[in-house]
Every structure is written in structure tokens, then in C-alpha cells.
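Participant: One structure follows; several queries about it will come next.
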Amino acid sequence: MTKKREQTTLRTVRIPQELDNALETISKERGLSVNSFVSMLLKKYVEWDKYADRFGYITLTRESLRRILNATDDNKLIESAQDYGSTVPKEFLMFWFKELNIDSVLTALSLRCKYANVAEYELKIDGSNYIIILHHDLGIRWSEFFGYTLQQEIKIVLQVLARLEISRNSVVLKFDLP
């Protein structure tokens with residue numbers, strides 16, 4: 001099977017020498033060409049940063065997030081996750097994709113995992129059966145918050161109840177679409 005070649009455009013830009021030096025250094029460290037690295041950065045901006053900045057995302061260290069989650073009462077954590085999942089993801093989907101459907105839910109989750117580094121994302125689809133597997137290193141409190149948030153998001157947006165399995169470093173959601 002041959003891979004379809006992506007159509008590209010040649011674009012010339014002027015950048016300060018110290019920025020070019022930094023791009024060369026970082027590209028070399030990552031084993032990439034400067035062209036590939038710059039394309040990756042631009043793709044991230046177009047897919048994530050452009051919207052995340054406008055939507056109000058902040059950068060937080062993993063340790064800060066762990067401490068906040070650990071300082072939250074069990075019942076409050078789940079209540080907060082469900083409340084958040086009832087409103088924010090729907091707003092997020094409309095802001096980003098202008099529609100509420102399975103594709104926007106899955107694409108948004110994939111982007112959150114990829115660019116916000118909240119989990120590794122895996123999806124299995126068998127007909128109308130969906131299994132979302134999320135693996136992370138943030139502990140049980142993140143599993144609870146993220147899991148209940150996503151369960152509520154799926155309930156509100158897709159009008160189905162996802163079965164939720166939570167463990168220390170993973171969240172599994174299973175649901176069927178009619």
C-alpha cells in the first residue's frame with residue numbers, strides 16, 4: 001500500500017537569526033529537519049493553540065494538578081467533574097468544531113490528549129460499539145475527574161450513557177451509539 005503524498009507549498013519567511021539558531025538546535029535534538037519541526041509547530045498552532053488561547057486554557061505542571069486534585073474532597077471532585085462535563089465540553093465543541101456529534105467529540109478528545117498532554121488516547125470502534133482508552137501518569141484522582149467529566153460529556157452531547165472503568169492510571173469509557 002503506497003502512502004498518498006501530501007500536497008505542500010513553498011513559503012519563504014524571514015526570522016531573526018537567534019530564532020533560526022534555536023530552531024536548528026531543537027530540530028537536531030529531536031532528530032528532525034527544521035522544515036519538519038516548523039511544520040509540526042504550525043500544525044499545533046492551527047489545531048490547538050489558536051483555539052486554546054481564545055478558549056482560556058492555561059499551562060499547569062503535572063505536580064500542580066496532582067496537588068489540586070489531592071486537596072479536593074472525594075464527593076466534591078466527582079460533583080465538580082460532572083458539573084464541568086455538563087457544560088464546558090459542549091461549549092468547547094461548538095467553539096472549535098461548530099457541531100455536536102461523535103466526530104467532534106472524538107477529535108476534540110484526541111486533540112486534548114495530544115496537545116494538552118492529559119493522557120494517551122486509544123479508540124476502538126466495532127460497528128456502533130465505542131471503547132475509549134485513556135492512559136496517563138497522574139494518578140487515581142485524575143482518572144476520577146477526567147473519567148466523570150468525559151462520561152457526562154458523552155451523556156450530554158451524544159445522549160448515551162458511557163460505562164466507566166477507572167483505575168490508578170487509566171480511564172476506559174464504553175458506549176453504543178444507536
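Participant: Is at least one residue of region 168-178 touching a Ser or Thr at 6+ places or on another chain (Cβ under 6 Å) and either among the basic types (Lys, Arg) or buried (at least 19 other Cβ atoms within 10 Å of the Cβ) (or both)?
Facilitator: yes
Participant: Sort through ILE58, ILE133 and tell me the only one that's open to solvent by 40 Å² or more (accessible area, probe 1.4 Å), modelled with pLDDT under 90 and either farther than 23 Å from ARG168 by Cβ or in contact with a Lys or Arg (Cβ under 8 Å, 6 or more places away or on another chain) (or both).
Facilitator: It is ILE58.
Participant: Let me ask another. If I ask for residues that are touching a helix residue (DSSP H, G or I) at 6+ places or on another chain (Cβ under 9 Å) and within 17 Å of THR107 (Cβ to Cβ), which ones from region 126-145 would you list?
Facilitator: TYR130, ILE132, LEU134
Participant: Still on this structure: Looking at (1) more than 16 Å from the chain's Cα centre (by Cα); (2) surrounded by 10 or more Cβ atoms within 10 Å (Cβ to Cβ), find the lone condition where LEU93 falls short.
Facilitator: Here LEU93 clears every test but (1).
Participant: Something else: Please pick out the residue among ALA71, ALA22, ALA81 that is among the hydrophobic types (A, V, I, L, M, F, W, C) and touching a helix residue (DSSP H, G or I) at 6+ places or on another chain (Cβ under 7 Å).
Facilitator: Details: ALA71 fails: touching a helix residue (DSSP H, G or I) at 6+ places or on another chain (Cβ under 7 Å); ALA22 fails: touching a helix residue (DSSP H, G or I) at 6+ places or on another chain (Cβ under 7 Å).
The match here is ALA81.
Participant: Still on this structure, please answer the following. List pairs: first in region 160-171 and more than 17 Å from ASN129 (Cβ to Cβ), second among the charged types (D, E, K, R), Cβ under 7 Å, 6+ apart or cross-chain?
Facilitator: Note: pairs meeting the criteria are ILE166/GLU144; ASN169/ASP137.
Participant: Whether any residue in region 142-159 is of a type in the set (A, V, I, L, M), in a loop (DSSP other than H, G, I, E, B) and at negative phi is what I want to check. Give the steps one after another, and end with the answer.
Facilitator: So the first thing to find is which residues in region 142-159 are of a type in the set (A, V, I, L, M), and the list is 150, 154, 156-158.
Filter once more, so that each one left must be in a loop (DSSP other than H, G, I, E, B): none.
Checked region 142-159: no residue is of a type in the set (A, V, I, L, M), in a loop (DSSP other than H, G, I, E, B) and at negative phi.
Participant: OK, next. Take GLU29 and tell me if it is touching a helix residue (DSSP H, G or I) at 6+ places or on another chain (Cβ under 8 Å), among the charged types (D, E, K, R) and open to solvent by 50 Å² or more (accessible area, probe 1.4 Å).
Facilitator: The answer is no for GLU29.
Participant: Go through region 61-87 and give me each residue that's within 17 Å of the chain's Cα centre (by Cα) and surrounded by 15 or more Cβ atoms within 10 Å (Cβ to Cβ).
Facilitator: If the condition is that a residue be within 17 Å of the chain's Cα centre (by Cα) and surrounded by 15 or more Cβ atoms within 10 Å (Cβ to Cβ), then LEU65, ALA81, TYR84, GLY85 are the ones that fit.
The values are calculated or read from the model by the stated rules, or taken from the named source; none is laboratory data. Nothing here was measured: the structure is a model prediction, and the numbers come from that model. Glycine also receives a Cβ, built like all others from the backbone with ideal geometry; neighbour counts cover every protein chain displayed. Side chains are part of the model used for accessible areas, which takes the heavy atoms of the whole protein and leaves out ligands, DNA and RNA. Shrake-Rupley method; radii C 1.70, N 1.55, O 1.52, S 1.80 Å.
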